[in-house]
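*Asks:* Below are the structure tokens for one structure; questions will follow.
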Amino acid sequence: MARILVTEDDEAVRSFVKRALELDGHSVEIAEDGGEAVDVLKQYGGAFDLVLSDIKMPVMDGIALALVVARDWPSLRILLMTGFADQRERAHNLDALVHDVVTKPFSLADIRRAVSMALAGIINEDDRKLYA
């Protein structure tokens, strides 16, 4: 299975997502913000299959994290999540770097499906059209 870095400042969401992905057999590391995520990525030499990050976080947000990941580990897939429409709109400009943006709140099935699609490189065009 895949090795995934989950970056989320909300403890409840971070734990929920970690458990959901571990149910599918993925190995999951966690970080509380983008700055910590960069440290984890450096510690492991970028050896992850996917970075799943919230957009709105203190220290370094998910957009800044996506830019660092795209620059330093260009083959690493990025999936963002947010509960704010304006943040989703900010991420829209990163289509070339970010696989997709998952809207919060999401169910266990939603996040597992989004991660599965990101790992497989499948883009749900219907979802993208909703936010274009």
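*Asks:* Stretched out fully, how many nm does the piece from Ala12 to Ser75 gain, at 0.36 nm a residue minus the Cα gap?
*Replies:* 19.8 nm
*Asks:* Determine, for each peptide in 22-30, 3-11, the mean count of other beta carbons within 10 angstrom over its residues, then list the peptides with the highest first.
*Replies:* Going from most to least packed, we get 3-11, 22-30.
*Asks:* Let me ask you something else. Could you tell me the center-to-center distance, by alpha carbons, between region 97-119 and region 7-72 in angstrom?
*Replies:* 14
*Asks:* How much length would be gained if the chain were fully extended between Val59 and Ser107, taking 0.36 nm per residue of separation minus their Cα-Cα distance, in nm to one decimal?
*Replies:* That pair, Val59 and Ser107, stretches by 14.6 nm at full extension.
Read-outs throughout are calculated quantities, based only on the coordinates presented, and are distinct from any laboratory measurement. Keep in mind the model is a prediction, meaning the values are calculated, not measured. Ideal geometry is used to build each Cβ from the backbone, glycine not excepted, and the neighbour counts take in all protein chains shown.
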